[in-house]
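Structure first, commentary second.
The values are calculated or read from the model by the stated rules, or taken from the named source; none is laboratory data. Values in this document were obtained by computation on a predicted structure and should not be read as measured data. Cβ placement follows ideal geometry from the backbone for every residue including glycine, while neighbour counts extend to all protein chains displayed. Keep in mind that these areas ignore ligands, DNA and RNA; they rest on the heavy atoms of the full protein, side chains included. Shrake-Rupley method; radii C 1.70, N 1.55, O 1.52, S 1.80 Å.
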Amino acid sequence: MSKPFKLVLSLLTFSAAFVPATIASAETEDAEQSAFREAVKFGFSGEAIQGGVMIGDAPAGIRSLTFEGEAVPIDEDGKFIIAFNRDAGQAANLLATLDNGQTVRKFINIAPRKWKIEHVSINRRATTRSAAFMARRGPELEQIGAARAVQSGSKGWRQSFVWPAKGRISGQFGSQRIYNGDPGSYHSGVDIAAPTGTYYVAPADGVVTLAASSPFTLEGNLLMIDHGMGLNSAFLHSSEILVKEGQQVKRGEPIGRIGATGPHLHWSMKWNDARIDPILLTGPMD
């Protein structure tokens, strides 16, 4: 056998032995990468929509989580909550830092909504708040802010929410009037028309963080409940509040009576600074 032929045969033998090992190594790396991507996936329930709420499952081995740069607490089993303001933009992002120092980013596309907008051809009169009003309003806003800052540890945020009362929906979340091109404030909650004195109940478990001892200037008899993880409910214009600050309440438990303003119950919800639509937690009323 000639030397050139032996050399070619030797190279072919070497190549045949080498290529399968390279392929096997690449396949192993791909499998490892695939397993890593699967392990660090986020899971979600709920809608990524303006005014919406989502319950998430954090990736395995997570150390910390931020949403739009703000820290998000995580429950013992990896569940967490995020929400989107009524005027949220088109996208938001979550950033998870793992125990090994690696980071995982998740971009969320937020669906826009068509709000009920009413154009009114009248000029609004300029209103000047009296000194007496401003003297009362400052401390009221401080109480509301303090109530929203309470972290009670309630697990109500993990539950399916129920309607606090049944009746005609007389005011929709996010609706807004435009006065000769000048936008007014949008409606921050949902209004449920019902007779004065009708009981309303806790939509989910929580802890009472504010139970007004006297009517507030704008909200009347105001009741607020923390459902945990930054999620809270406010109930306005009550004729009677049946619970006290610090009291734990259960979903479906009577907590107040509807007042004479309207008469209706105004129910609004926030997650941290985001105003959210209660109907996206309860579903349509039966």
Report yes if some residue within the range 250-259 is in contact with a Phe, Trp or Tyr (Cβ under 8 Å, 6 or more places away or on another chain), assigned to a strand (DSSP E or B) and either closer than 15 Å to GLY51 by Cβ or hydroxyl-bearing (Ser, Thr, Tyr) (or both); otherwise report no.
no
For the range 154-165, give me each residue that is open to solvent by 60 Å² or more (accessible area, probe 1.4 Å) and either in contact with a Lys or Arg (Cβ under 8 Å, 6 or more places away or on another chain) or of a type outside the set (S, T, N, Q) (or both).
LYS155, ARG158
State all residues of the range 167-205 that are closer than 21 Å to SER239 by Cα and outside any loop (DSSP other than H, G, I, E, B); if no residue qualifies, say none.
ARG168, ILE169, SER170, GLY171, GLY189, VAL190, ASP191, ILE192, ALA193, TYR199, TYR200, VAL201
Identify, please: which residue in the range 70-95 is open to solvent by 20 Å² or more (accessible area, probe 1.4 Å) and without any contact (Cβ under 8 Å) to a residue 24 or more places away in the chain and is, among those, farthest from SER152 (Cα to Cα)?
GLN90
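Conditions tested, residue by residue: (1) touching a helix residue (DSSP H, G or I) at 6+ places or on another chain (Cβ under 7 Å); (2) modelled with pLDDT of 95 or more.
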site: PRO112; (1), (2): no, yes
site: ILE117; (1), (2): no, no
site: ASN123; (1), (2): no, no
site: ALA131; (1), (2): no, no
site: TRP157; (1), (2): no, yes
site: TRP163; (1), (2): yes, yes
site: ARG168; (1), (2): no, yes
site: GLY174; (1), (2): no, yes
site: ALA194; (1), (2): no, yes
Inside the range 181-220, can you point out the residues that are touching a residue at least 60 places away in the same chain (Cβ under 8 Å) and aromatic (Phe, Trp, Tyr)?
TYR186, TYR200, PHE216
Among the residues of the range 103-137, what is the count of those that are open to solvent by 80 Å² or more (accessible area, probe 1.4 Å), in a loop (DSSP other than H, G, I, E, B) and in contact (Cβ under 8 Å) with a residue 24 or more places away in the chain?
6
Please work out if SER214 is on the phi < 0 side of the Ramachandran plot and in a loop (DSSP other than H, G, I, E, B).
yes
Which of (1) modelled with pLDDT of 95 or more; (2) over 20 Å from GLY174 (Cβ atoms); (3) acidic (Asp, Glu) is the odd one out, the single condition ASP99 does not satisfy?
(1)
Verdict on ILE192 being touching a strand residue (DSSP E or B) at 6+ places or on another chain (Cβ under 9 Å), over 20 Å from ASP226 (Cα atoms) and open to solvent by less than 20 Å² (accessible area, probe 1.4 Å):
yes
Which one of these is closer than 16 Å to GLU47 by Cβ and in contact with a Ser or Thr (Cβ under 8 Å, 6 or more places away or on another chain): PHE133, PHE84, PHE173?
PHE173
Selection status of LEU218, among the hydrophobic types (A, V, I, L, M, F, W, C), closer than 22 Å to TYR186 by Cα, more than 15 Å from the chain's Cα centre (by Cα) and surrounded by fewer than 21 Cβ atoms within 10 Å (Cβ to Cβ):
yes
Could you list, ordered by first residue, the pairs with Cβ atoms under 9 Å in which the first is in the range 138-150 and touching a residue at least 24 places away in the same chain (Cβ under 8 Å) and the second is small (Gly, Ala, Ser), at least 6 apart or interchain?
GLU140/ALA212; GLN143/ALA212; ILE144/ALA234; ALA147/ALA234; ARG148/GLY230; ARG148/ALA234
Mind counting the residues in the range 237-286 that are within 30 Å of ALA88 (Cα to Cα) and surrounded by 16 or more Cβ atoms within 10 Å (Cβ to Cβ)?
20
Testing MET224 on (1) under 16 Å from ILE144 (Cβ atoms); (2) part of a strand (DSSP E or B); (3) without any contact (Cβ under 8 Å) to a residue 60 or more places away in the chain, one condition comes back false. Which one is that?
(3)
